[in-house]
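The next block holds one structure in the form of structure tokens; read it before the comments.
Here, each number is a calculation from the coordinates, and none is a lab measurement. Treat the numbers as computed from the prediction; the structure is a model and nothing was measured. Ideal geometry is used to build each Cβ from the backbone, glycine not excepted, and the neighbour counts take in all protein chains shown.
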Amino acid sequence: MTLRLGRHTFPDEATLMMAIVNRTPDSFYDKGATWAEDKAFERVALVAAQGAEIVDIGGIKAAPGVEIGAAEEKARVVDFVARVRESFPELVISVDTWRAEVGRAACAAGADVLNDAWGGADPELVDAAAEAGAAIVCTHTGGVTPRTRPYRLEYDDVVAAAISDTVAYAERAIAAGVDPASVVIDPAHDFGKNTFHSLEVTRRLGEMVATGYPVLVSLSNKDFVGETLDVPVGQRLTGTLAATAVCALAGARIYRVHEVVETRQTVDMVSSIAGRRPPKRAIRGLQ
């Protein structure tokens, strides 16, 4: 099935880089480096030049912190979405929000995708996507409240739970009117999971791919990488790329990333090893 993200379509074999652009002053990774609008716009220009097909714009960090209402979240993202849409018509614009009110405003400004990191906490988000003809990312979070950290969550089988919940969310989105070609599922590493859960989801990602829905993974600099290797946020690239390679071999389609170039090279190399992508050039031993 051709993947349709708003006004953009991609063939089955395409793997896509979704570059993170945080319109927040307190993001865990860049510490607010793109909080100022012009800095965020520079980030968009950079990742577009690096080959990212998607930018994921967020106005509120996932971790606990200062309460941000829908009005403030919209103020951070909606006009910025409109600016990016005008300047980069070829880019897919995703907005990282769980709120239908924000999603509707973002789509009206030009967003193509609603990336719900919180597993359908606002049941009207699927309606917002359907009304706008937008794509939606359906995540598994184990039912945790948005912007809370998991605590001693237990699953009989975390992968089975992730499949059950994301597929049910996807079916609900389709029933609401979202194009089936515009529904993506995401196991949501770290969200509603401890490190052992996230490692198992990574190891068994092929089971999610087997559902037939395109799978998005958000691995970049996550806590499960940091805990596994005992390294701080700024030293997690190697571990992130190792997890990325495993997910690429399993067939993940979209990679939500901080480092576009490194992730693209990792995914392309794995895709070529798997026989899904020819080398860019292959003259060794032939001339």
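May I ask for the net charge around M269, where only other residues with Cβ less than 12 Å from the Cβ of M269 are counted and Lys, Arg are +1 while Asp, Glu are -1? Spell out each step's value before the answer.
Details: positive: R264, R276, R277, K280; negative: E262, D268.
Net of charged neighbours comes to +2.
For the chain, set up a GNM with springs between Cα atoms under 10 Å and report which of V78, V184, V231 has the largest fluctuation.
Ranking V78, V184, V231 by mean-square fluctuation puts V231 first.
Would you work out the charge dipole size for the range 1-109 about its Cα centre, treating the Cβ of every Lys and Arg as +1 and the Cβ of every Asp and Glu as -1, and quote it to the nearest 20 debye?
Once rounded to the nearest 20, the dipole reads 160 debye.
Among M18, M269, M208, determine the one that fluctuates most according to a GNM of the chain built with springs between C-alpha atoms less than 10 Å apart.
Comparing M18, M269, M208 in a Gaussian network model of the chain, the most mobile one is M269.
So which residue, out of N22, N194, N115, gets the largest mean-square fluctuation from a GNM of the chain using Cα contacts under 10 Å as springs?
N194
Select from V233, G59, P279 the residue farthest towards the positive end of the dipole of the chain; place +1 on Cβ of Lys and Arg, -1 on Cβ of Asp and Glu, and compute about the Cα centre.
P279
Taking the Cα centre of the range 3-273 as origin, sum charge times position over the Cβ atoms of Lys and Arg (+1) and Asp and Glu (-1), and report the length of that vector in debye to the nearest 20.
Numbers: 25 positive and 39 negative charges, 61 e Å.
In debye, rounded to 20, the range 3-273 gives about 300.
Between exposed GluC sites (Glu not before Pro) in the chain, where DSSP calls loop and at most 13 other Cβ atoms lie within 10 Å, what's the longest gap? Provide the component values of the computation, followed by the final result.
On the way: sites that count: E13, E67, E90, E154.
After excluding every exposed loop site, the longest remaining stretch is 155-287.
Report, to two decimal places, the Cα Rg of the chain normalised by 2.2 N^0.38 Å (N = number of residues). Don't skip to the end; give the middle numbers.
Numbers: Rg = 17.9 Å, N = 287, 2.2 N^0.38 = 18.9 Å.
Cα Rg divided by the expected 2.2 N^0.38 Å: 0.94.
Would you mind calculating the relative contact order of the chain from Cα pairs under 8 angstrom and at least 6 residues apart, reporting the percent as a whole number?
17
Could you tell me what percent of the DSSP beta bridges with both partners in the chain are antiparallel, to the nearest 5? Write out the running numbers ahead of the final one.
On the way: 3 of 32 bridges.
For the chain, the DSSP antiparallel bridge percentage is about 10.
By how many nm would the segment from A71 to W35 lengthen if fully extended, with 0.36 nm per residue of separation less the alpha-carbon distance?
Details: separation 36, 0.36 × 36 = 12.96 nm, distance 1.68 nm.
The A71-W35 span can extend by a further 11.3 nm.
Using DSSP to call loops (not H, G, I, E or B), can you name the trypsin sites (Lys or Arg not before Pro) in the range 197-287 whose Cβ has at most 10 other Cβ atoms within 10 angstrom? Kindly include the intermediate steps, with their values, before the conclusion.
Details: sites: R203, R204, K222, R236, R253, R256, R264, R276, K280, R281, R284; in loops: R204, K222, R236, R253, R276, K280, R281, R284.
Of the trypsin sites (Lys or Arg not before Pro), the ones in loops of the range 197-287 whose Cβ has at most 10 other Cβ atoms within 10 Å are K280, R281, R284.
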